[in-house]
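Data block below; observations after.
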Amino acid sequence: MSASAQDQSIIEAVPNFSEGRDQAIIRQITDAMAFDAEGRLREGMRILHVDSGIAANRTVITLAGNPESVTEALFEGIRKATELIDMRKQQGVHPRIGATDVCPLIPLQHISMQQTVQLARKLARRVGEDLQIPVFLYEAARLKEERKRLATIRKGEFEGLGEKIRDASWKPDYGPATPHPTAGAVVIGARPFLIAFNVHLDTPDVQIAKTIAKAIRDSRGSAHSSTSNPSSVRPTGLPGLRAIGWYVEEYGLAQVSMNITDVVGTPLHLAFESVKQKAAEMGVGVKGGEIIGLVPLACLLEAGAFYAQQSGLSADTHDEETLLKLAIEQLGLHQLHPFEPRQKILEYVMQQYPDVFSLKTIPLPLAMDVAPGIYPPEE
């Protein structure tokens, strides 16, 4: 491997598209990102994983590579989604604001959060100007403090977007001040690594899922909330955990759907055990967990080490294979469908493309170098 490959900058992107049922549309979007205009594999990046949900009617695509290749692929994916997805007809349980609902960029190797922020803003400007779609910046790329959280921007969803944008305080950061008639709007930003983790409950009662989600979510709303303004109200819930409860028709079960934005403060096993405990208090069992997209190896190894300790295993059994097996079993990642480590662990997937990636492991805390305020615009 060349020295240049070892020193390359790598970003990950996880665009969420508001189509999870029509495989032909999903394939056209992934192809638009994976291949260049001549039909060749796009150099310098690869699509690592595609995860579609029928009930959510949503597809989460994970891609990674050098910044230029990834941002070009994202633009083409957003362009194709704009052509193919009509939000006036789209229905699903997942909140959404547009055909390309949200598009976060994540620094992985030899690139800072501030540099990633500038990449996100350049992509947002291009989408707004060239595709004439209103774009909101969020998380570390935000230009307004009140736009930090995705849920705040997405409130009202596609159906309420027109009224929302008419409010001067919700003028998009880029693009027209009116929704795209079929594609709505898109939220683009930069953030640290996030794990999307769902736990299925052994009940169809969605109210139980909502109650659990409310009990465990971080009451501060963000893993990176400022603590400079102390409140008399003591924060509750798990650090950096965002959670909602809903009913998943394809499983016939209620689900606690979580985004873990602070994988150090709230490791996978803590999130799972917290749901399990709250469910037990309400007389309900769990049917296992589900990771959406990819997960860093370190997060599963940490969970495996926790369960090894719980099982009283001796230190010499703590090899990688044993820890992974324990994590998969105890988190129930195999209960509703198979969990294939070579397809779900980020480093394992990237190792399948040695011509593109030199990254071997992603250490915790996963690029959480987020400034407390707003990054200034590039001069």
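Some values worked out for this structure:
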| item | result |
| --- | --- |
| Which listed residue is in contact with a helix residue (DSSP H, G or I) (Cβ under 6 Å, 6 or more places away or on another chain) and at pLDDT 90 or above, from I328, I345 | I345 |
| Number of the exception - S52 against (1) touching a helix residue (DSSP H, G or I) at 6+ places or on another chain (Cβ under 7 Å); (2) part of a helix (DSSP H, G or I); (3) modelled with pLDDT under 95 | (2) |
| The lone exception for V199 - which of (1) closer than 14 Å to V117 by Cβ; (2) outside the structural domain of A120 (by TED's automatic domain parsing) it fails | (1) |
| Hits in region 81-98 (condition: more than 22 Å from E163 (Cβ to Cβ) and assigned to a loop (DSSP other than H, G, I, E, B)) | V93 |
| Hits in region 108-134 (condition: at pLDDT below 95 and of a type in the set (A, V, I, L, M)) | L108, I111, M113 |
| Among residues of region 145-173, those that are assigned to a helix (DSSP H, G or I), more than 18 Å from the chain's Cα centre (by Cα) and within 26 Å of D86 (Cβ to Cβ), counted | 10 |
| Selection from region 87-106 of residues that are in contact (Cβ under 8 Å) with a residue 40 or more places away in the chain and either assigned by TED's automatic domain parsing to the domain that holds N259 or among the basic types (K, R) (or both) | R88, R96 |
| Filter pass, Y247 being over 17 Å from the mean Cα position of the chain (by Cα) and in a helix (DSSP H, G or I) | no |
| Some residue of region 12-26 being within 14 Å of E76 (Cα to Cα), out of contact with any strand residue (DSSP E or B) (no Cβ under 9 Å at 6 or more places or on another chain) and either among the aliphatic types (A, V, I, L, M) or touching a residue at least 60 places away in the same chain (Cβ under 8 Å) (or both) | no |
| Hits in region 180-195 - residues which are in a loop (DSSP other than H, G, I, E, B), crowded, with 23+ Cβ neighbours inside 10 Å and not small (G, A, S) | R191, P192, F193 |
| Spans of helices (runs of 4 or more DSSP H) in region 256-350 with at least 1 residues in contact with a strand residue (DSSP E or B) (Cβ under 7 Å, 6 or more places away or on another chain) and crowded, with 23+ Cβ neighbours inside 10 Å | 268-281, 297-311, 346-350 |
| Test: residue in region 47-55 that is farther than 18 Å from I291 by Cα and either more than 19 Å from the chain's Cα centre (by Cα) or not assigned by TED's automatic domain parsing to the domain that holds P296 (or both) | no |
| Verdict on R46 being surrounded by 19 or more Cβ atoms within 10 Å (Cβ to Cβ), in contact with an Asp or Glu (Cβ under 7 Å, 6 or more places away or on another chain) and not aliphatic (A, V, I, L, M) | no |
| Any pair with Cβ under 8 angstrom, 6 or more apart, that starts in region 122-139 at a residue that is within 7 Å of Y174 (Cβ to Cβ) and ends at one that is charged (D, E, K, R) and buried (at least 19 other Cβ atoms within 10 Å of the Cβ) | A124/D173; G128/D173; V135/D173 |
| Selection status of R142, in a helix (DSSP H, G or I) and of a type outside the set (D, E) | no |
| Test: V206 is at pLDDT 95 or above, among the aliphatic types (A, V, I, L, M) and in the same structural domain as L268 (by TED's automatic domain parsing) | yes |
| Any hit, region 277-290, residues being among the acidic types (D, E) and more than 16 Å from D51 (Cβ to Cβ) | yes |
| Meets criteria (modelled with pLDDT under 95, surrounded by 23 or more Cβ atoms within 10 Å (Cβ to Cβ) and not basic (K, R)) for P95 | no |
| From the options I78, I61, residue that is part of a helix (DSSP H, G or I) and either in contact with a Gly (Cβ under 7 Å, 6 or more places away or on another chain) or buried (at least 23 other Cβ atoms within 10 Å of the Cβ) (or both) | I78 |
| In region 27-42, the residues that are surrounded by 13 or more Cβ atoms within 10 Å (Cβ to Cβ) and either among the aliphatic types (A, V, I, L, M) or in contact with a strand residue (DSSP E or B) (Cβ under 9 Å, 6 or more places away or on another chain) (or both) | I29, T30, A32, M33, A34, F35, R42 |
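The values are calculated or read from the model by the stated rules, or taken from the named source; none is laboratory data. Quick caveat: nothing in here was measured; it's all calculated off a predicted structure. Note that each Cβ is placed from the backbone with ideal geometry, even for glycine, and that neighbours are counted across all protein chains shown.
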